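Take a look at the structure set out below.
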Amino acid sequence: MTERSGRRRAIAAITGVLGAGLILSTGAVDVSARPVVLQQADVVIDAAASPVGDGLGSNPTVSGDGRFVVFQGLPGLANDEFAAADSAEDSRKTTIYITDRESGITTEVAIVPPGLRPGNSVSPVISGDGCTVVTVTEMALDVFQDDDTGDRWDVYRLRLPHCDAVNGWELVSTRTDGSALARDDVRSDDPPAVSRNGTVIAYSHPATQLLDNQEVSTITLVDLASPVGSPERSVVVAGMPISAPDTQFVHEGLDQPALSDYGRFVAFRSDASSTDAVAGWGTGVTPGGPATSQVYVWDREQPDPFLAVRLVSARPDGSPTTAGASEPSLSRDGRIIAFTSADAGLVPAVFPVCSDGCPTQIYRLDRDIDENGWLDEASRTSMTLVSGETGSEPLIAGSAPSSQPSLSADGQLIAFVSKAPNLQLIKASGGGEPTDGDLLVADAHLGTLRRVALTADGVHPAVAAHSHPQISDTGRTTVFDTLAAAQLLPGEVQAGRQVVAMSVEPTLSLADADLGTTLVGLESDEWYVAVVNNGPTSFTPSLVTVSDGHFDVNLDASTCSLGASVPPGGDCTVRLSFTPSSARSFSATLTVGEEGFQAVSVSSRLTGAGGEPTLRTDPAGADLGFVDVGKSSPEFQFDVQNISLVPSSVAEVRVTGAHASDFAVTSNSCAGHPLNPRATCGVGITFTPTDAGRRTALIEIVTPSGQYTTMVAAGDAQYAPELVLIVDEIEAGREFLAGGSGYPPNTAISVVFGDGAGETVTTTTNADGSFFMIVPVALNERGGDRTIVVQTSDGTVASTPVDVIEETNNMIGLPGFGLGG
């Protein structure tokens with residue numbers, strides 16, 4: 001058989017699998033495309049990256065609204081009008097900056113005061129309200145309380161000028177001997193934690209004044225709202241033993257504090273038995289080795305010492321993890337806690353086979369799945385694995401370490417760093433430092449996992465060299481430090497570790513609403529419309545406006561006006577009514593939006609008419625669910641009732657609105673029949689989407705005299721691509737045939753090996769979203785079990801396994817030829 005005839009048979013076979021409607025487009029193959037690695041788009045995003053500051057930096061944190069970012073960096077990076085000490089005299093290695101992302105101005109805040117000895121400042125944290133910066137510094141920023149002796153490290157707080165603050169740096173870490181002088185021994189490698197309003201601060205330090213033991217850490221919680229000298233102002237967290245370690249294990253004590261919204265809950269890492277009313281020291285695996293640390297949470301409002309501290313990192317039977325836990329992160333209300341552990345017994349899943357040093361995973365504990373508002377021993381809890389393959393059954397854990405979790409305000413979104421290559425369909429190339437990795441955000445409710453760090457074109461993943469992620473309240477902004485800034489930002493970028501902010505807006509939908517015919521001068525029944533958040537980040541609406549006074553919004557009953565978070569997959573409602581002033585048509589624009597930095601909004605059209613109402617639909621709206629593009633939903637039927645006092649009939653059923661072509665009337669028992677008062681008839685509709693996303697339409701039921709009523713129809717659509725290869729094996733140095741369907745029409749697609757090796761081959765789908773292409777494979781392509789991935793730039797993706805047969809007489813391949821390197 002000739003090669004040409006073999007191709008023809010392969011084409012026929014693919015056409016048979018994918019359907020006779022396939023249009024071949026072999027001429028669109030591009031074998032000179034540049035190398036590319038693609039993201040697995042469980043959630044498709046349009047992300048915008050922006051630099052933070054004007055130079056090298058690390059360890060960022062972000063305010064709740066995403067506007068302010070603080071980070072540590074080299075002196076001399078600020079672009080504001082203030083200047084640090086002369087660089088020739090400045091011996092510091094690190095200082096603290098704040099960037100206002102609205103103005104683009106970066107300001108150094110840890111400036112060396114005149115006449116004082118310079119010192120480094122590290123581990124900055126900004127409060128959720130964006131008004132307070134807390135840092136650990138060597139400098140004596142309070143000359144009256146800080147004698148600038150000892151190890152010099154102390155915690156200071158600064159209230160920021162944009163919050164009308166007038167005072168300078170305030171010493172936080174004071175001694176407990178009554179002198180109120182600086183401790184000078186705060187741990188500079190463990191960032192402090194700060195409450196949302198900046199008044200409660202937790203930090204770790206050696207337990208010298210408690211145990212006279214330099215080797216063990218403890219955590220002090222400072223409530224700056226309490227008067228200086230009061231016993232409530234500075235306390236050691238509950239769960240700390242009162243005596244020095246006396247076990248066969250090496251202890252580190254308590255560290256890694258995290259705070260809830262206003263500091264009621266304090267999460268921390270501890271190798272003590274911190275849940276005991278009188279805490280003792282814990283145990284480990286091997287005598288002489290380290291004691292095993294766990295994650296605990298302390299409820300400061302719980303008076304019972306037996307209930308105040310609870311174990312977070314617990315196995316299903318309530319016992320502590322055997323491999324330990326660390327890096328706690330809290331939601332604003334303290335209900336959700338994320339942490340890191342290498343224990344494979346916390347949840348049912350398939351974990352990597354390992355005998356020693358198993359990879360750490362990210363876990364999420366919901367402490368109140370009953371949602372009864374009580375975070376106590378009566379609440380039911382639920383532990384889930386975050387760092388797992390989405391859609392796998394059973395759940396497959398990451399094959400390499402994941403770490404550094406950061407929660408959104410509601411705890412639904414979790415950003416973390418991972419070295420696991422199996423968490424995304426396309427692998428990002430490794431690099432950077434030991435704590436670096438790929439940057440991912442998981443959605444605990446929707447079960448999705450998206451890559452954050454994409455290159456400037458918004459498609460390809462950057463080198464996995466990212467660390468220290470922090471996300472804003474809504475998850476819309478993710479800040480992190482990275483060695484791959486040049487791949488994320490446009491233009492020339494300075495080499496070295498830099499701080500980058502990635503912003504992703506939510507995709508919102510709000511259906512048009514037609515309130516039908518209403519008696520002139522009388523208020524209609526109350527209707528409601530829903531704002532649906534399709535993600536990938538949260539929406540916090542508080543403003544609801546309508547452009548015409550004939551339409552009235554019931555703000556008290558509208559959940560979209562409460563300022564409450566609408567997470568991905570959630571919705572809020574607007575309650576409204578219509579009062580026509582004359583017998584004519586009316587229209588208005590309804591807008592639902594946020595306030596503040598990077599606020600987003602969504603609008604729709606409202607219509608109605610004054611006249612004699614005749615008909616009513618039941619229900620007045622329906623969601624026809626998720627449907628693949630090009631497929632049809634089951635028929636949905638609704639009733640039409642004559643609510644007038646005289647007989648009538650249905651003259652027309654028409655479909656209007658934003659996506660009218662996606663909905664069709666498929667049955668109509670109202671046609672050709674009179675409709676007596678209080679009588680009903682039925683109309684059936686189906687949903688056949690032509691594109692992905694939220695789709696809406698209005699089904700209008702019209703009488704012969706022109707009075708009408710409506711039913712709001714909605715549905716969600718998704719592409720379900722299919723990829724077909726004729727063979728299970730492909731040979732290096734030869735071509736193979738690939739075909740697919742179910743992609744967006746007339747859209748560029750890329751073919752790449754799933755491990756990211758080699759170059760990309762591209763083509764364009766035809767008008768029905770299918771494609772066919774001949775794909776060359778490099779002569780020196782690596783053999784073995786591989787995965788072929790075909791993906792669009794918007795994230796529609798399909799893959800299939802394939803066995804690559806190496807060329808036994810391997811000659812040097814031609815660079816840049818097809819798949820391979």
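The values are calculated or read from the model by the stated rules, or taken from the named source; none is laboratory data. The structure displayed is predicted, hence computed values, not measured ones. No Cβ is skipped: glycine too gets one built from the backbone with ideal geometry, and neighbour counts run over all protein chains shown. With ligands, DNA and RNA removed, areas are computed over all heavy atoms of the protein, side chains included. Shrake-Rupley method; radii C 1.70, N 1.55, O 1.52, S 1.80 Å.
List residues of segment 91-121, by number, whose backbone nitrogen lies under 12 Å from a label position 7 Å along Cα→C-beta of Val143. Under 12 Å, as judged by backbone N against the label point of Val143, lie 113-117 of segment 91-121. Please work out whether segment 100-210 counts as rounded, prolate or oblate from its C-alpha gyration tensor, where a ≥ b ≥ c are the square roots of the eigenvalues and a/c under 1.5 means rounded, while otherwise a/b larger than b/c means prolate and anything else oblate? Prolate, because a/c is 1.5 or more and a/b exceeds b/c. Over segment 501-557, the fraction of Cα-Cα pairs per 5 Å bin, rounded to whole percents and listed from the shortest bin up, is 4, 12, 21, 22, 14, 11, 7, 4, 2, 1, 1. Using a simple spin-label model with pseudo-atoms 7 Å out from Cα toward Cβ, Ile242 and Gln494 lie 5.2 nm apart. Our summary gives segment 417-486 a relative contact order of 29 percent, counting only alpha carbon pairs under 8 angstrom and 6 or more residues apart. Between Asp785 and Asp691, what FRET efficiency follows from the Cβ-Cβ distance if R0 is 35 Å, with the result rounded to 0.05? Result of the calculation: an efficiency of 0.50.
Simple point charges give the picture: +1 on the Cβ of Lys and Arg, -1 on the Cβ of Asp and Glu, and for segment 574-663 a dipole about the Cα centre of about 300 debye.
With every protein chain in place and a 1.4 angstrom probe, the accessible-area ranking of Cys560, Cys358, largest first, reads Cys358, Cys560. Spatial offset of segment 303-324 relative to segment 177-228 amounts to 24 Å, using the alpha carbon center of each.
Extension gain for Ile369-Glu635 works out to 92.3 nm (0.36 nm per residue, less the C-alpha to C-alpha distance).
Counting Lys and Arg as +1 and Asp and Glu as -1 over every other residue whose Cβ lies under 12 Å from the Cβ of Gly563, the net charge comes to -3. The mean sequence distance of close C-alpha pairs (under 8 Å, at least 6 residues apart), as a share of the length of segment 489-584, puts its relative contact order at 33 percent. Per Stokes-Einstein, at 10 °C and 1.306 mPa s, what whole-number D in µm² s⁻¹ belongs to segment 320-414, with the Kirkwood radius over Cα pairs as the hydrodynamic radius? Value of D from the Cα-based Kirkwood radius: 114 µm²/s.
Each Lys and Arg Cβ is given +1 and each Asp and Glu Cβ -1; about its Cα centre, the chain then shows a dipole of about 1640 debye.
Here segment 280-335 is assigned +1 on the Cβ of each Lys and Arg and -1 on the Cβ of each Asp and Glu. Its dipole about the Cα centre then comes out at about 100 debye. Can you tell me, using C-alpha contacts under 8 Å and at least 6 residues apart, the relative contact order of the chain as a whole percent? Once normalised by length, the contact order is 10 percent. Sorted largest first, the principal axis extents computed over the alpha-carbon atoms of segment 562-683 equal 56, 43, 22 Å. Label-to-label distance for Ala671 and Thr573 is 3.4 nm, based on points extended 7 Å past Cα in the beta-carbon direction.
Based on the mean of other Cβ atoms within 10 Å per residue, sort peptides 505-512, 551-558, 386-393 so the most packed one is first.
Values: 505-512: 20.9, 551-558: 15.9, 386-393: 18.9.
In decreasing order of mean packing, 505-512, 551-558, 386-393 become 505-512, 386-393, 551-558.
Peptides 418-424, 720-726, 66-72 ranked from most to least packed by the mean count of surrounding Cβ atoms within 10 Å: 66-72, 418-424, 720-726.
Judged by the gyration tensor of its Cα atoms, with axes a ≥ b ≥ c, segment 155-277 is prolate; a/c meets the 1.5 cut and a/b is the larger of a/b and b/c. Evaluated on segment 401-453, the Kirkwood hydrodynamic radius is 11.5 Å, with distances taken between all distinct Cα atoms. With every protein chain in place and a 1.4 angstrom probe, the accessible-area ranking of Glu371, Glu594, Glu735, largest first, reads Glu371, Glu735, Glu594. Listed by chain and number, the lysines placed with their C-alpha closer than 17 angstrom to that of Lys427 are Lys419; residues fewer than eight positions away on the same chain are left out. Find the centroid of the Cα atoms in segment 602-645 and in segment 662-709, then give the distance between the two in whole Å. What the calculation gives is 7 Å, centre to centre.
Candidates Ser403, Thr94, Ser418 compared by Cα position along the dipole of the chain: farthest toward the positive end lies Ser418, with charges placed on Cβ. Summing charges over all other residues whose Cβ lies under 12 Å from the Cβ of Leu141, with Lys and Arg as +1 and Asp and Glu as -1, gives -3.
Tilt of helix 3-18 relative to the longest C-alpha principal axis of the chain, in degrees (0 to 90, nearest 10)? Here the helix axis deviates by roughly 90 degrees.
As a fraction of the 1.4 Å probe accessible area of the chain, surface on carbon and sulfur atoms comes out at 50 percent. Can you match P(r) over Cα pairs in 10 Å bins from 0, in percent to one of these, (i) 2, 10, 14, 15, 15, 14, 11, 8, 6, 4, 1, 0, 0; (ii) 2, 12, 18, 20, 18, 14, 10, 4, 1, 0; (iii) 2, 12, 22, 26, 22, 12, 3, 0, 0, based on a calculation from the structure here? Read-out from the structure maps to (ii). Spatial offset of segment 402-470 relative to segment 115-154 amounts to 32 Å, using the alpha carbon center of each. Candidate cross-link partners of Lys631 among the aspartates and glutamates, defined by an alpha-carbon separation under 15 Å and a same-chain spacing of 8 or more, comprise Asp662, Asp691, Asp716, Glu722, Asp768. Calculated from the alpha-carbon coordinates, segment 339-467 shows an Rg and a Dmax of 15.2, 50 Å respectively. Shape of segment 445-588 from the C-alpha gyration tensor: prolate (a/c of 1.5 or more and a/b above b/c, with a ≥ b ≥ c the square roots of its eigenvalues).
Contour minus end-to-end for Leu522 and His162, with contour as 0.36 nm per residue of separation and end-to-end as the Cα-Cα distance?
That pair, Leu522 and His162, stretches by 124.7 nm at full extension.
Ranking of Glu252, Glu108 by solvent-accessible surface, largest first: Glu252, Glu108 (1.4 Å probe, protein heavy atoms only, all chains present).
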